[in-house]
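Only one structure is covered here, and it is reproduced in the block below.
The values are calculated or read from the model by the stated rules, or taken from the named source; none is laboratory data. What you see is a predicted model, and the numbers here were worked out from it, not measured in a lab. Here Cβ is always computed from backbone atoms with ideal geometry, including for glycine, and neighbour counts include all displayed protein chains.
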Amino acid sequence: MKPKIASLVCNSPASNTGMLTGRAAVEIVKKYEEVCLLSLPALVNLVSRQIKLVEGIKQLVVVDGCKNSCAMKVADEIGLWYESYANVEENVGIKKLGPFSTHEFSQEEVKVVKEVILAVIKDIKRMEREYDS
């Protein structure tokens, strides 16, 4: 099955909130085959294969770990339209602990971030069903 929903996540290994976005997103794509992950570095470098992949996706969800909003800035800079946006620090309330806090998060925090992303995906799917009817 070709993915219908793509997720562009911060996934920064430099901080707890960046790692949370990546960990939660990976757990989601393992379970939901209609969801895929995009490569933030490939998009920053305008890798044509990644750009073509994005063009074939129906919906895009962007998730950042902190107020720096790196994933959103990349999406905006290269002109990607995204259905939804979430920020772990601002919307979920998990504080960024700063550099070198890569492993300073709990499985419960991963679960919370995963639930937020899944809620966005489920909302997109609901809107898509309503639109199709």
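Within segment 41-99, being without any contact (Cβ under 8 Å) to a residue 12 or more places away in the chain, loosely packed, with under 13 Cβ neighbours inside 10 Å and more than 17 Å from A24 (Cβ to Cβ) holds for P41, N45, S48, R49, K52, E55, E77, G79.
Do you know which residues across segment 12-31 are surrounded by fewer than 24 Cβ atoms within 10 Å (Cβ to Cβ), in contact (Cβ under 8 Å) with a residue 24 or more places away in the chain and in contact with a strand residue (DSSP E or B) (Cβ under 8 Å, 6 or more places away or on another chain)? Selection gives I28 alone. Among the residues making up segment 1-54, those that are closer than 21 Å to P99 by Cβ and in a loop (DSSP other than H, G, I, E, B) are C10, N11, S12, P13, A14, S15. The single condition among (1) touching a residue at least 40 places away in the same chain (Cβ under 8 Å); (2) buried (at least 17 other Cβ atoms within 10 Å of the Cβ) that H103 does not meet is (2).
In segment 78-99, which residue that is part of a helix (DSSP H, G or I) and of a type outside the set (A, V, I, L, M) is nearest to A14 (Cα to Cα)? First the steps, then the outcome.
Step one: list which residues in segment 78-99 are part of a helix (DSSP H, G or I), which gives 88-92.
Restricting the remaining residues to those that are of a type outside the set (A, V, I, L, M) gives 89-91.
Working: E89: 15, E90: 18, N91: 20 Å.
Only one residue tops the list, namely E89.
The set of residues in segment 51-69 that are closer than 20 Å to N16 by Cα and over 11 Å from the mean Cα position of the chain (by Cα) comprises C66, K67, N68, S69. The condition (being out of contact with any helix residue (DSSP H, G or I) (no Cβ under 8 Å at 6 or more places or on another chain) and modelled with pLDDT of 95 or more) is satisfied by just one residue among G56, G22: G22.
Scan segment 79-124 for residues that are over 18 Å from G18 (Cβ atoms) and more than 16 Å from the chain's Cα centre (by Cα) and the total you get is 1. In segment 55-77, what residues are part of a loop (DSSP other than H, G, I, E, B), closer than 27 Å to R129 by Cα and small (G, A, S)? Passing the criteria: only G56.
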